[in-house]
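Worksheet: the structure to be examined is printed underneath.
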């Protein structure tokens, strides 16, 4: 168990709909990352938040948005869904910042189990 | 931005043989290079990482080497076992903390009996 919790685990919806994926990071982690993994594809970086603020943006579509709340959980909103949005969406967390923090090494990302989205 | 290339995309070895996966990166500012293992239907998990001030790191049957000049790093698995079968991803990031990882495209390793 990585300590990162993602819900829902599975989601089936129709084209044109909107869904929200939720992520709770490990206790003490300030950074949250969202990655998309399509079938037989690698891990595509979408967006990163650090302590409530957007830190980095990757190949995230304009139809997608995310936020990190004061309690550090994060939500990824996917709207106007298309068939091609079907994928496994991973959330990951890390301590964030630079250097060591309380003895915990930074850099390592801890992944949740993922939310599998199927758009029909 | 950073670009990470990974080869081969698939690798099949006999049990007990060694496996080598290679990656190159584009941004010379990158200084943290982890390797993740992803079993079918599971989440990626870190198996080993290396920072740019180190040329090689070993952990039992797994080793990673880094050539900063050439901007490439490799994963070496010795005495492969069936449970090593998985997809392996290399990645790179700057500063090593609080920064996003850019992943390679993955290598499907199959260890045959």
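Just so you know, all these numbers are worked out from the coordinates, no wet-lab data involved. Keep in mind the model is a prediction, meaning the values are calculated, not measured. In this analysis, Cβ positions are derived from the backbone assuming ideal geometry, glycine residues included, and neighbour counts consider all displayed protein chains.
Could you list A:7, B:80 so that the one with the fewest beta carbons within 10 Å of its beta carbon is first and the one with the most is last?
Values: A:7 14, B:80 21.
Ranked by crowding around the Cβ, least crowded first: A:7, B:80.
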Length-normalised contact order for the stretch A:40-86 - Cα pairs under 8 Å, 6+ apart - percent
27 percent
Computed P(r) (all Cα pairs; chain B; 5 Å bins; percent):
2, 13, 24, 25, 19, 10, 5, 1, 0
Hey, if you drop one equal point scatterer on each alpha-carbon of the stretch B:70-113 and run the Debye formula without solvent, what base-10 log of I(q)/I(0) do you get at q = 0.14, 0.24 Å⁻¹?
-0.46, -0.92
Please order A:31, B:30 by the number of other Cβ within 10 Å, starting at the fewest.
B:30, A:31
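Mind sorting B:87, A:4, B:54 by how few other Cβ atoms lie within 10 Å of their own Cβ, fewest first?
The most exposed by this proxy come first: B:54, B:87, A:4.
Let me know the volume per residue of the alpha-carbon convex hull for the stretch B:1-61, in Å³. All intermediate terms of the calculation are to be shown ahead of the outcome.
Working: hull volume 7.6 nm³, N = 61.
That works out to 124 Å³ per residue.
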With a cut-off of 8 Å between alpha carbons and a minimum separation of six or more residues, what is the relative contact order of chain B in percent?
37 percent
List, largest first, the extents of the alpha carbons of the protein assembly as shown along their principal axes, each in whole Å.
48, 40, 31
Volume per residue, Å³, of the convex hull around the alpha-carbon atoms of the stretch A:1-61?
121 Å³
Per the Kirkwood formula on distinct C-alpha pairs, the Rh of chain A is how many angstrom?
14.4 Å
What is the distance in Å between the Cα centroid of the stretch B:63-113 and that of the stretch B:3-46?
3 Å
